[in-house]
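None of the figures in this text is laboratory data; all of them are computed from the coordinates on show. Only a predicted model underlies this, so the values are computations on that prediction, with no experimental measurement involved. Every residue, glycine among them, receives a Cβ derived from its backbone with ideal geometry; neighbour counts consider all protein chains shown.
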Amino acid sequence: ISFIINLIIYMFSAIHILGCTWIYIGKIVPCSWLKQNGERPECGSGFYVDESDNDHVYVTAVYWVITTLTTVGYGDFKGYTPNEFLFQMIVEFLGIGVFSYLMGSINNLVGSECSLQDVIDERIEEIEAWLRKLEKSRSKNFSKQLYDAIKDYTEKSYYYDYNQIQNNEFFIQLKPRI
């Protein structure tokens, strides 16, 4: 839950920063998306945005950021100058990256289930690596029987622990990796 809350906070912060940047570009660049009101023929005829109404400008900018980040891009508000085109392309690529990150995060949340055997195999690999390091530090190698006995003991101890607590009501709610 905290991951999702943090993600939402980061998303709204990013949308706010991008929206404010879009407003800034619109205010400093001549014939920008803010100046497309049809009254100036040299600027074209885009959708009218009342520059004096800060709330309307901000909501329009946030709307543009969300439609651009999500790659919907209705086209009702868009860039008209090279600076705006460049910023718009950056936001579009950010949207693709954010979407990929979100899908990966959702996949990790949903697909993080693993079996007990996966956890045991991972632990045995860690023990094997530890045994190899231990052998390198000694002048004498472990016998194959001792090596196999340690691995067997580790596996049996995990199964024993698992069997002791698997019927606990709280254990059922945990993922095996925990």
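Give me the lysines in straight-line cross-link reach of K35: C-alpha distance below 24 Å, same-chain residues under 8 apart excluded. Straight-line reach from K35, under 24 Å: K27, K78.
The slack in the chain from D118 to S100, taken as 0.36 nm per residue of separation less the alpha-carbon distance, amounts to 3.8 nm.
Sequence-ordered 3J(HN,Hα) estimates for region 148-162 from the Karplus curve with 6.51, -1.76 and 1.60 and θ = phi - 60° stand at 5, 5, 5, 4, 5, 4, 4, 4, 5, 5, 5, 5, 4, 4, 4 Hz, glycine and proline given as x.
One chain, two ends: R132 and T21. Fully extended at 0.36 nm per residue, the span grows by 34.4 nm beyond their Cα-Cα distance.
Applying 0.36 nm per residue to the separation of N163 and I90 and subtracting their alpha-carbon distance, the gain on full extension is 20.9 nm. On the beta carbon distance between D76 and I4, with R0 = 30 Å, the FRET formula returns roughly 0.45.
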